[in-house]
Amino acid sequence: MKGKTIRHIGAYILLAQMLFFTAFPCHAAQIGSGAMVASNTEAPFITSVSISPGTVVVSRGETFAFIVTVSGEGVFSGAVAWSVSGQTSGNTFIDGNGVLNVASDETASSLVVKVVSKEDSRYSASALVTLPVPDYLVQVKASPENGGVVYGSGTVREGGSAVISAVANSGFTFEGWTLNGNRVSQNAQYTINNIRGDVTYVAEFKPVSCRITVNVNDSNAGTATGSREVNYGESMALEAWAKEGYQFDRWTENGNVVSRDSRMQLDNIRESRTFTAVFVKKNEQPKTYTITASASSENGTIAPAGKSTVKEGEGILYTMTPKSGYAVSKVYVDGKPVGWMNSFNFTDVRENHTISVDFVEAPTKDKNSAAATEKPAQTDNQKDNKTGTADKDTKTDQEQKEEEKSNQDKDKDKTDDGESRKDSDAQPQKSEPTGTLKHLDISVEEAERLVKGNNDAELMSGALETGDLQVTIHNDFADAKQKISYYNFEAVVDYFLSGEEKMEMLQGNAPTAIDLYIEDANGRETPQVQQGFAENKLPGMNIGQYFEVSLTASKKGETQTISQLPTALQVVIDVPAHLKAEKRRFYVLRLHTREDGSREFAQLSDEDDNPDTITFSTDRFSPYAIAYVDPSAENGASDKAGTKSREMRNAAGIAIVLLAIVVTVTGILYIAGKKKG
């Protein structure tokens, strides 16, 4: 009975052994010589898939070939399937050989390439492809070259904008900007948006057309060259021909004699002009008139002084010159005041005239003050009572009283004859440069021209030197004080200050401060910010450090926080010591909140080759994060998975060997029991 039981148990164990090895033939083959059942054919299996390189930079319009390595045991298949994700262009793809084609119109900043084993889809690897933002060249030209000056040439990041401007030279007018022969704008200052390639804009200038008008004083006396249009800077000759009984006498312009020759050459014409050919009867003397000029004191002169003889229809120019410390107060023509001026021109004279001038001590204080305004008027009255000029007797007592009353009334600024006059009787003075303009020795007028022409970089750099413009970088990721250049902050200044405000600042009247803050979040980042970065970052990326970038600008005591600029600002930070690692690639992630409350995510590449710094360009000021990718991270993960798989298979093989030993022992017991029975 006992032997029979043993035989039954042995039979069951042998049956179980046969079933077990039928189910696992590949593992039975690994048992070795100690196994009762073995197989000579090993079933293939995959142990790892890796891709090289794990990270790469590929420019738009280029291709890149990846290398895949498939590891396994047995006669396995190395076939893989390639795919790419993140692209925006249909022309960006990867072929079956692992060659990535990046389209020239691709707008994505990064792509993910993935490879999967066809034999075992559980094994895959991926690589991160960064598409650098290219710089494009914006060129501006003038046509013709001497037509004007153009500004705005330079390099611009893809998708960025540029401002170009044109200022016509004297004798030309600006017609418009053209691109590839097509008119794109008629504005002298033009903003180019969303730049996607090298471009050349041409400022078209047109020469000013000047009209030379020619008249004769008597068509019965003679003829002259006809009127015509000429281009700016051209030359032409005027000729006059007298008829019988007449003779040519002179050429006049605005009543002034310009030539006594019947043929007059005009060179380098720069404006429209009108000339008259004057003919007289032979042996007839033209009429003449007398103009008497005088100065009321020795504080200045008038030239020509005394009596001057002028032919009928001609003219004469008088110039008033005050001595040092004095200014022109009033000028009188034929006894009537005509205001203050440094020159007066008689034209087309046909009667006798008088001209006189009063001078007054120039005020040492602000010429626009009430005291300065009143002083010339009081002096005028005093001088009017003392002078012996021809116009003294022309004023009645009533007129003098009315003039005194007018000078005393600050709200009424009238001359004796009721006509409005200038705000001040003092001579207008040229604006003296102050502040940065004085430091640079540049006049106010020249500075206004440069600012208007968007060519004020030298002025703004000078403002940094004088302190009229203060730019400060507060950088938690930099040990040394960073060098400040106006060109890095040009976009901020242009965004924050108008042309008038720039002029105020340059004259020291409105100091401006710009502060850029790059602050370590130091654990202050909110859970929402952390979640936003975690949800949007690419696979394989790690968040190493959170920080914030903010921008403020102040003028006239008011501070404004700037959240976005029309063009990008370049920022440089040091890589934190705890994040430094060999061959580690860094990125900057940005999470910006729009005005409508929605958020936009952006991944910015490191623009420099220095492993100790990260340089990026941004036009938005928001929460940021330093992210990094280790090239070996993904490959290492695949190798680790393959190693673990091999360890599991080895453990299974050992278990099978032990089971085989148990079965063998059981078989021996079965045979022994049968013999005993």
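The values are calculated or read from the model by the stated rules, or taken from the named source; none is laboratory data. On a predicted model such as this, the values are computed, not experimentally measured, just so you know. Cβ: placed from backbone, ideal geometry, glycine included. Neighbour counts: every protein chain shown. Accessible surface areas use protein heavy atoms only, side chains included; no ligands, DNA or RNA. Shrake-Rupley method; radii C 1.70, N 1.55, O 1.52, S 1.80 Å.
Computed values, structure above
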quantity	calculated
C-alpha center-to-center spacing [the range 292-352, the range 234-283] in angstrom	27 Å
Per residue accessible area in Å² of the range 78-184, where ligands, DNA and RNA are left out and the probe is 1.4 Å	46 Å²
Cα centroid separation - the range 597-616 against the range 51-105, whole Å	24 Å
Solvent-accessible area, 1.4 Å probe, carbon plus sulfur percent, for the range 475-627	42 percent
Those GluC sites (Glu not before Pro) in the range 511-585 that DSSP places in a loop and that have at most 12 other beta carbons within 10 Å	Glu582
With all protein chains modelled, accessible area of Ile543 [1.4 Å, Å²]	50 Å²
Lys452, Lys537, ranked by accessible area, largest first (probe 1.4 Å)	Lys452, Lys537
The range 180-217-the range 516-577 distance, computed between alpha-carbon centres (Å)	43 Å
Accessible area per residue in Å² at 1.4 Å probe, computed on the range 493-547	47 Å²
Exposure rank, largest accessible area first [Phe346, Phe93; 1.4 Å]	Phe93, Phe346
Solvent-accessible area, 1.4 Å probe, carbon plus sulfur percent, for the range 266-325	44 percent
With DNA, RNA and ligands ignored, accessible area of Val338 (1.4 Å probe; Å², nearest 10)	60 Å²
Within the accessible area of the range 105-197 (1.4 Å probe), percent carbon and sulfur	43 percent
Distance between modelled label sites at Glu239 and Val444, nm, 7 Å Cα→Cβ extension	5.2 nm
Cut-off 14 Å (backbone N to label point 7 Å along Cα→Cβ of Asn509), residues of the range 444-463	444-445, 448
Asp105 accessible area, 1.4 Å probe, all protein chains in place, Å² to nearest 10	90 Å²
Accessible surface ranking that places the most exposed of Arg590, Arg620, Arg273, Arg122 first, with a 1.4 angstrom probe	Arg122, Arg273, Arg620, Arg590
